[in-house]
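Asker: Here it is, the structure, as structure tokens.
The values are calculated or read from the model by the stated rules, or taken from the named source; none is laboratory data. These numbers were taken from a predicted model, which means no experiment stands behind them. Using ideal geometry, Cβ is built from the backbone for each residue, glycine included, and neighbour counts are taken over all protein chains shown.
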Amino acid sequence: MIYCLTALAAGGFYFCSLHPEKNPFPRLVFINTTHSLPDGIYVAIPGKDFRNGDTVAYLPPDAVQEFVSARGWNPEGSGMTFVKHAYGPSTQYAARPGEDLQSFIVDYQASGPVSTTDGKGLPLPQHYGWFSVPEGEFLPVGTDAHSFDGRYTGTVPQDRILCRVVPLLTE
């Protein structure tokens, strides 16, 4: 019963916050249904400061939004907000090709493969080599190998972060 009430309240907050220009209340709930993180409901934590590995909701850069829309990954009419783990300027990361597997490494820890194509067989953006996260930016990282994240988009300006989030109800 409590889960049903929580889900119902979260859904109400979510739908009320889809169009912030028409709604005076800040968005409090984010629903993830992608491969990036576990499916579920995430709740906003006030403030934009984060520590490496915190989960944030952010607006992807315009070029990323255009890419996602062109691929048809974003359902018509839904908001373009991503939920990922964030890593700041102290972070080193690499995308490097391998013989059998291309790997993505964050702070010298393997974070999964880098795909050359999406689920439809279309090519994905690639950039290989070692990188440092620049000051004022963050590296978005999902937990699933099929997450469209920093492996393909690189870093994102920190001013695109809406808030930190924590899971409320996930699978």
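Asker: Restricting to the stretch 135-171, and then to whatever is closer than 24 Å to Lys48 by Cβ and exposed (fewer than 13 other Cβ atoms within 10 Å of the Cβ), can you tell me which residue is farthest from the chain's Cα centre (by Cα)?
Answerer: Per the stated criteria, the residue is Glu135.
Asker: Right, another one. Residues being farther than 16 Å from Trp73 by Cβ and not aromatic (Phe, Trp, Tyr): count how many of those fall in the stretch 117-144.
Answerer: Counting residues in the stretch 117-144 that are farther than 16 Å from Trp73 by Cβ and not aromatic (Phe, Trp, Tyr) gives 12.
Asker: Does the stretch 82-94 contain at least one residue that is at pLDDT below 90 and either out of contact with any Gly (no Cβ under 8 Å at 6 or more places or on another chain) or of a type in the set (Phe, Trp, Tyr) (or both)?
Answerer: No, every residue in the stretch 82-94 fails to be at pLDDT below 90 and either out of contact with any Gly (no Cβ under 8 Å at 6 or more places or on another chain) or of a type in the set (Phe, Trp, Tyr) (or both).
Asker: May I pose another question? Give me the residue from the stretch 60-74 that is in contact with a Phe, Trp or Tyr (Cβ under 8 Å, 6 or more places away or on another chain) and outside any helix (DSSP H, G or I) and, out of that set, nearest to Thr155 (Cα to Cα).
Answerer: Once the filter is applied, the top-ranked residue is Pro60.
Asker: Given the criterion surrounded by 14 or more Cβ atoms within 10 Å (Cβ to Cβ), out of contact with any Gly (no Cβ under 6 Å at 6 or more places or on another chain), over 16 Å from Leu139 (Cα atoms) and at pLDDT 90 or above, identify the matching residue among Gln102, Gln65. Let's see the steps before the verdict.
Answerer: On the way: Gln102 fails: at pLDDT 90 or above.
The unique qualifying residue is Gln65.
Asker: Inspect the stretch 146-159 for any residue being modelled with pLDDT under 95, within 23 Å of Trp73 (Cβ to Cβ) and aliphatic (A, V, I, L, M) and give the result as yes or no.
Answerer: No; the residues of the stretch 146-159 include none that is modelled with pLDDT under 95, within 23 Å of Trp73 (Cβ to Cβ) and aliphatic (A, V, I, L, M).
Asker: Considering only the stretch 122-131, I want to know if a residue exists there that is in contact with a Phe, Trp or Tyr (Cβ under 9 Å, 6 or more places away or on another chain), surrounded by 16 or more Cβ atoms within 10 Å (Cβ to Cβ) and either touching a residue at least 60 places away in the same chain (Cβ under 8 Å) or closer than 21 Å to Pro38 by Cα (or both).
Answerer: Within the stretch 122-131, none of the residues are in contact with a Phe, Trp or Tyr (Cβ under 9 Å, 6 or more places away or on another chain), surrounded by 16 or more Cβ atoms within 10 Å (Cβ to Cβ) and either touching a residue at least 60 places away in the same chain (Cβ under 8 Å) or closer than 21 Å to Pro38 by Cα (or both).
Asker: Continuing with the same structure: Would you be able to say whether some residue in the stretch 54-62 is modelled with pLDDT of 85 or more, of a type outside the set (A, V, I, L, M), touching a Pro at 6+ places or on another chain (Cβ under 8 Å) and exposed (fewer than 15 other Cβ atoms within 10 Å of the Cβ)?
Answerer: Within the stretch 54-62 (the criterion being modelled with pLDDT of 85 or more, of a type outside the set (A, V, I, L, M), touching a Pro at 6+ places or on another chain (Cβ under 8 Å) and exposed (fewer than 15 other Cβ atoms within 10 Å of the Cβ)), the answer is no, since none of the residues qualifies.
Asker: Now for a different question. How many residues does the stretch 1-51 hold that are within 21 Å of the chain's Cα centre (by Cα) and at pLDDT 50 or above?
Answerer: So the count comes out to 26.
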